[in-house]
Every structure is written in C-alpha cells, then in structure tokens.
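Undergrad: This structure is in structure tokens; I'll ask about it shortly.
What follows is calculated from the coordinates using simple rules that are stated; it is not laboratory data. On a predicted model such as this, the values are computed, not experimentally measured, just so you know. Heads up, the Cβs are rebuilt from the backbone with ideal geometry, glycines too, and the neighbour counts pull from every protein chain shown.
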Amino acid sequence: MTNMKDVAREANVSLGTVSNYLNEKKVRPDVEERIKEAIKDLHYVRNNAARDLRTNGSKYVVFVLPTVWTPYFSELTYWVQKGLDEFGYKAILCLSENQYDQEKGFVDMAEEQRVAGIISVSYSNLTSHVHSKIPLVSIEKEDTGLFPLVSSDNYSGGEIAAEEFEKRGVTKYLFIGADHISSKAMTARKSGFVDYCNRHGLNYLLDRVPSSHHEEEFDEKLSSIVQRIVDDKSDYGNLGIFAYTDEVALKLYEKFLKKDIKIPDDIQIIGFDGWKLSKDQHIDISSIRQPIKDIAMMAVKELDNQVKEDGSDDVPRIMLPVSFFQGETTKLI
C-alpha cells in the first residue's frame, strides 16, 4: 500500500514537504507539481482516519447491526447516517448477521483504530466484552448497565396491541414470539401483551417461532400454527394475533390468505416495528410503530455526549413511545 514516504521518494522531496503539501501549507510551485505527479503515478490515497485522529480526534463511528435486509434496519441505518452527518461524524457500517464473533471482530477493529465510538444493535452479550472507556450506545439491548441504551417502549407496545384488539371485538388473543432471541425488549413485548390480557380478563395463548434465517424451520413452524388455527377455527373464536415483528406478521397474513381466511374479518393481525416500503409508504399490515428516526437521533446524540464527555455520570436508559398504525389486518373502528 502506497504511503507518504513513497510519494516523497518518487517526487525527490522530504517527507515533511509532502506533509506540508497535503496539509495545504505553502510549497514552491515546482515542488508542488512534482508531488502531484507522484501522487497520480503511485495512486496514493490519503489515510483520512489517521489524519483526523492526529488533529481533532477520529470522526469515524462504527455502526454494528445484524442486517439491512428488513425495512426496519434499512430505515434505522438511514437515520443513523443522517444523525452522524449532522454531528460531523462519518459512519462505518458493519453487518454482523447476529454472529457474536463478527460483532466482537468489529469492536476489536474499532478499538484498534481508535474510532470516535460505536453504535450497536446486538442481540448477543456483546457489550459485556467491550472496554467501558470506549464511547458506545446500544439500541434495543444492553444488559451490563455500563453503556447508554436507546429503545422503544416495548412493554407499552404489547399493551397497545392487546388494547387495539379489545377495541375491535377480539375474544381470543395469541402472541407469537421468538425462540432464538433472548432480550429484554422481546420479553417486554410479550409481557405488556400478557399483562394487559390478565388485567382485563382476556383469554390468551402463547407460541414461538425460530429465526427467519433458518428459512425452512421458520416456514414449517408458521405453517403449522396457521394450519392448527384453520383446523380448530371454532376453538379460536374471533382471534387476534400479535406477532413480535412485522416480518412474522406479514408471513402469517400471506399464509392465511392462501387458506382463504379473510383478514381482518375472520382473524386480525398486528406486527411490531412499523415497516415502511418508502419514506411515505407503510406496508399493508397493522403494526406497533417504533419511532425509528427518534431512536437513531437519540443514539447519535448520546454517543456525541460521551465523545465530548458532556454527559452525567448516570448511564441513561431511554425508552421512546411507540404508536399504533392501522393497516389492512385489523378492523376499522
């Protein structure tokens, strides 16, 4: 890889002269031309990360998230990038695919390169292995209490889903959760739903599905749930299904339609996330909408506070309110 020494050697000037030129200090016109030619011939690209670190500190932030293959993570990435831009940072996007070793590698890289900080969406115990002095903000899950957490009010989301079903005449309630994610956020969605049902004497059931990354197992489990409901429709009555993500809700919707079940007349479905297909277009399913822009902006703000050491000694746990989005899978009231 070409460095400044190579440029100096090619231009037959000192390393200090090359540095002066790159830092826009005055050099003789003939020397300037030789340096330009050397840079062009050697295809030299300046290491801006190192330069930033030497001058005002790094402006690079590592953003770790599982995937961009869902509208939620795509929208979150968009707003995190916008927020970082507003605060003068540059994002380094790192996709972990929910693999702890990948996440740990990204953190090691961030520490070695002395980046400004890390914003992380991780469902593993990643933060328990991060040096507490590195600025880090976690979105949705942070179990150590050492780093700031920004999340939706998942518990309230579960309550809202149950309440919206009750308003629409649902008589039996079903929550479909995950058997592969252990996080307080996911547990809170279920707890809010269950607690509301218990407080109001509502009849509910619980079920779980594997990760959609295991496509065959995921599809088989959802198909079995749908088939069981179709076969025992009289036992389920006016059913409302609260799925822990929009992905699960959308798959359920598709499978019920293939079974000639009328949605929302026969069965009503609410997801969680509030997926958008574009800036102004939601998908068809009803959902508990996360305030994705607010989550991103708050995460960036908290990270900037850590970088500038403007925050208090308290480690913030910020829960932002969610809202119900009326789609085609719940009855209009």
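Undergrad: Scan around Ser122 for amide H atoms under 5 Å from its own, H built in the peptide plane at 1.01 Å from N, and keep only partners 5 or more places away or cross-chain.
TA: Here Ile139, Lys141 satisfy the definition.
Undergrad: Hey, any idea what the orientation-averaged projected area of the convex hull of segment 154-291's Cα atoms comes to, in nm²?
TA: 8.3 nm²
Undergrad: Now for a different question. Can you list residues from other chains, or at least 5 along the same chain, whose modelled amide H is less than 5 Å from the amide H of Arg208?
TA: Gly177
Undergrad: Taking the 0 to 90 degree range and rounding to the nearest ten, how far is the long axis of helix 184-199 tilted relative to the main principal axis of the chain, both from C-alpha atoms?
TA: Once rounded, the angle reads 20 degrees.
Undergrad: Sticking with this structure for a sec: Could you give me the ³J(HN,Hα) list for segment 323-333, computed from phi with Karplus coefficients 6.51, -1.76, 1.60 and θ = phi - 60°, whole Hz, x at Gly and Pro?
TA: 9, 8, 10, 7, x, 8, 9, 10, 5, 6, 10
Undergrad: Another question, then. Can you list residues whose amide H is under 5 Å from Phe324's amide H, if they're 5+ apart or on another chain and H is modeled 1.01 Å from N?
TA: Amide H to amide H, under 5 Å and 5 or more residues apart or across chains, Phe324 pairs with Arg289.
Undergrad: Return the subset of Lys167/Lys331; Lys90/Lys293; Lys233/Lys276; Lys90/Lys276; Lys167/Lys258 for which the Cα-Cα distance in this structure is over 21 Å, preserving the input order.
TA: Lys233/Lys276; Lys90/Lys276; Lys167/Lys258, as the Cα separations exceed 21 Å there.
Undergrad: Would you calculate, for the chain, the mean residue ellipticity at 222 nm contributed by helices, counting each DSSP H stretch of 4 or more residues as -39,500 (n - 2.57) and dividing by all residues, to the nearest 500?
TA: -14000 deg cm²/dmol
Undergrad: What's the exposure ranking of Ile292, Ile283, going from fewest to most Cβ atoms within 10 Å?
TA: Ile283, Ile292
Undergrad: Out of Thr17, Thr77, Thr144, any idea which swings most in a Gaussian network model of the chain, alpha carbons joined below 10 Å?
TA: Ranking Thr17, Thr77, Thr144 by mean-square fluctuation puts Thr17 first.
Undergrad: Then there's this: Which of these values of Rg and Dmax of the Cα atoms in Å was calculated from the structure shown: [x] 25.6, 89; [y] 20.2, 59; [z] 19.3, 56?
TA: Given [x] 25.6, 89; [y] 20.2, 59; [z] 19.3, 56, the structure-derived one carries the label [x].
Undergrad: Report the gain in length on full extension from Lys308 to Ser14: 0.36 nm times residue separation, minus Cα-Cα distance, nm rounded to one decimal.
TA: 102.2 nm
Undergrad: A further question follows. Over the chain, what is the relative contact order in percent, taking alpha-carbon pairs closer than 8 angstrom and at least six residues apart?
TA: 17 percent
Undergrad: If you build a Gaussian network model of the chain, linking Cα atoms that sit under 10 Å apart, which residue out of Asp280, Asp314, Asp30 swings the most?
TA: Asp30
Undergrad: What list of ³J(HN,Hα) values in whole Hz, one per residue of segment 162-173 in order, does the Karplus curve 6.51 cos²θ - 1.76 cosθ + 1.60 (θ = phi - 60°) give from phi, with Gly and Pro shown as x?
TA: 5, 5, 5, 5, 4, 4, 9, x, 5, 10, 9, 10
Undergrad: Could I have the simple spin-label model distance between Glu33 and Leu93, label points 7 Å from Cα toward Cβ, reported in nm to one decimal?
TA: 4.3 nm
Undergrad: Something else about it: Please give the per residue volume of the convex hull enclosing the alpha carbon atoms of segment 112-226, rounded to a whole number of Å³. Please list the in-between numbers first.
TA: On the way: hull volume 14.4 nm³, N = 115.
Dividing the Cα hull volume of segment 112-226 by its residues yields 125 Å³.
Undergrad: On full extension of the chain, what length is gained from Val230 through Lys184, given 0.36 nm per residue of separation minus the C-alpha to C-alpha distance?
TA: Result: 13.4 nm gained on full extension.
Undergrad: Moving to a separate point now. Enumerate by residue number the GluC sites (Glu not before Pro) in segment 264-333 meeting two conditions: DSSP loop (anything except H, G, I, E, B), and at most 15 other Cβ atoms within 10 Å of the site's Cβ. Display every interim value, and only then the final one.
TA: Values: sites: Glu302, Glu309, Glu328; in loops: Glu309, Glu328.
Within segment 264-333, the qualifying GluC sites (Glu not before Pro) (loop, at most 15 other Cβ atoms within 10 Å) are Glu309, Glu328.
Undergrad: Which parts of segment 77-101 would a label at Asp294 reach, counting a residue when its backbone N lies under 19 Å from a point 7 Å out along Cα-to-Cβ?
TA: Residues passing the 19 Å test: 77-84.
Undergrad: Sticking with this one: Between rounded, prolate and oblate, where does segment 4-46 land on the alpha carbon gyration tensor, with a ≥ b ≥ c its root eigenvalues, rounded for a/c under 1.5, else prolate if a/b exceeds b/c? Please report the intermediate quantities before stating the final value.
TA: Details: a/c = 1.45, a/b = 1.32, b/c = 1.10.
Cα axes put segment 4-46 in the rounded bin.
Undergrad: Another one. Out of all DSSP beta bridges with both ends in the chain, state the antiparallel percent to the nearest 5. Each step should come with its number before you reach the end.
TA: Numbers: 5 of 44 bridges.
Here the share of antiparallel DSSP bridges comes out near 10 percent.
Undergrad: Something else now. Where is the GNM fluctuation largest for the chain (alpha-carbon springs, 10 angstrom cutoff): Gly169, Gly177, Gly157?
TA: Residue with maximal mean-square fluctuation among Gly169, Gly177, Gly157: Gly169.
Undergrad: Ordered by residue, what ³J(HN,Hα) values in Hz, to whole numbers, does segment 91-108 give under the Karplus form 6.51 cos²θ - 1.76 cosθ + 1.60, where θ = phi - 60° and Gly and Pro are x?
TA: 8, 10, 7, 10, 9, 9, 6, 6, 9, 4, 4, 5, 4, 4, x, 5, 5, 4
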